[in-house]
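What follows is a set of notes on a single structure, which appears directly below.
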Amino acid sequence: MRKKERALALIDRLKQAYPDAGCTLDYNEAWKLLVSVRLAAQCTDARVNVVVEGLYEKYPSVDALADADVADIEAIVKPCGLGHSKARDISACMRRLRDDFGGRVPDDFDALLSLPGVGRKSANLIMGDVFGKPAIVTDTHCIRLVNRMGLVDGIREPKKVEMELWKLIPPEEGSDFCHRLVYHGRDVCTARTAPHCEVCCCADVCKKAGV
């Protein structure tokens with residue numbers, strides 16, 4: 001099976017299995033997703049969703065968070081791990097939004113990358129989920145699954161995986177496809193146990209299954 005054909009089949013299978021899959025970080029404003037995705041590094045989305053409640057209660061706007069003492073931010077976000085570096089990045093990012101972008105999250109990929117603490121994964125998440133633009137979010141689930149499924153061959157570097165997937169995934173499907181990989185990676189194609197191929201909706205089109 002050619003990679004392009006496999007990709008389209010996997011999109012179809014995952015769409016049927018997870019029709020409503022979306023971002024598992026809670027947010028109602030774009031800047032809050034920026035904060036949450038930074039906190040999510042080496043932390044579960046579920047924990048981030050709890051921690052940010054306290055953060056936004058104390059600092060309910062870009063301006064408030066930009067003016068906050070970094071130590072105060074760190075005290076709140078510490079349960080997410082890497083509290084000092086995350087607090088520093090969040091503070092610097094909010095100041096850039098306030099000072100350079102009028103308090104609004106830019107809808108330009110390169111502008112997003114210029115923000116402190118924002119890498120390609122975060123920028124793609126914002127582009128896809130907030131602005132509805134083509135996006136490929138190469139998180140750990142995505143990288144693990146697309147290697148197992150046969151869309152990429154032994155590539156682990158996020159940017160390289162992203163570039164390969166852009167060749168295979170229709171632009172309008174990229175963001176949702178990556179969200180569905182997260183759901184599938186948590187429930188079926190797991191990291192800490194053997195993948196549950198016997199109940200996998202993709203078994204008939206997955207390279208690991210010998211297709």
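The values are calculated or read from the model by the stated rules, or taken from the named source; none is laboratory data. Just so you know, these numbers come straight off a predicted model, no measurement behind them. Cβ coordinates were reconstructed from backbone atoms using ideal geometry, including for glycine residues, and neighbour counts include every protein chain displayed.
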Search result, residues across segment 50-72 that are under 11 Å from Ala87 (Cα atoms), not small (Gly, Ala, Ser) and not in a helix (DSSP H, G or I)
Asp69
Restrict the check to segment 115-126 and report whether at least one residue is of a type in the set (S, T, N, Q), touching a Gly at 6+ places or on another chain (Cβ under 9 Å), under 26 Å from Ser85 (Cα atoms) and in the same structural domain as Ala64 (by TED's automatic domain parsing).
yes
Hey, Thr193 hits all of (1) modelled with pLDDT of 95 or more; (2) in a loop (DSSP other than H, G, I, E, B); (3) not charged (D, E, K, R) but one; which does it fall short on?
(1)
Check Pro106 against each of (1) in a helix (DSSP H, G or I); (2) in contact with a helix residue (DSSP H, G or I) (Cβ under 8 Å, 6 or more places away or on another chain) and name the one condition it does not meet.
(1)
When you look at Glu5, is it among the acidic types (Asp, Glu) and either within 15 Å of Gly128 (Cα to Cα) or touching a residue at least 40 places away in the same chain (Cβ under 8 Å) (or both), yes or no?
no
Members of segment 104-149 found to be of a type in the set (Ser, Thr, Tyr), surrounded by fewer than 20 Cβ atoms within 10 Å (Cβ to Cβ) and closer than 22 Å to Ser61 by Cβ, listed by number
Ser114
Test Met94 against the stated conditions and say whether it is of a type outside the set (Asp, Glu), in a helix (DSSP H, G or I) and within 17 Å of the chain's Cα centre (by Cα).
no
Considering only residues that are acidic (Asp, Glu), farther than 22 Å from Asp20 by Cα and touching a helix residue (DSSP H, G or I) at 6+ places or on another chain (Cβ under 8 Å), which ones fall in segment 137-163?
Asp153, Glu162
The one condition in (1) more than 16 Å from Leu97 (Cβ to Cβ); (2) surrounded by fewer than 20 Cβ atoms within 10 Å (Cβ to Cβ); (3) in contact (Cβ under 8 Å) with a residue 24 or more places away in the chain that Val48 fails to fulfil
(2)
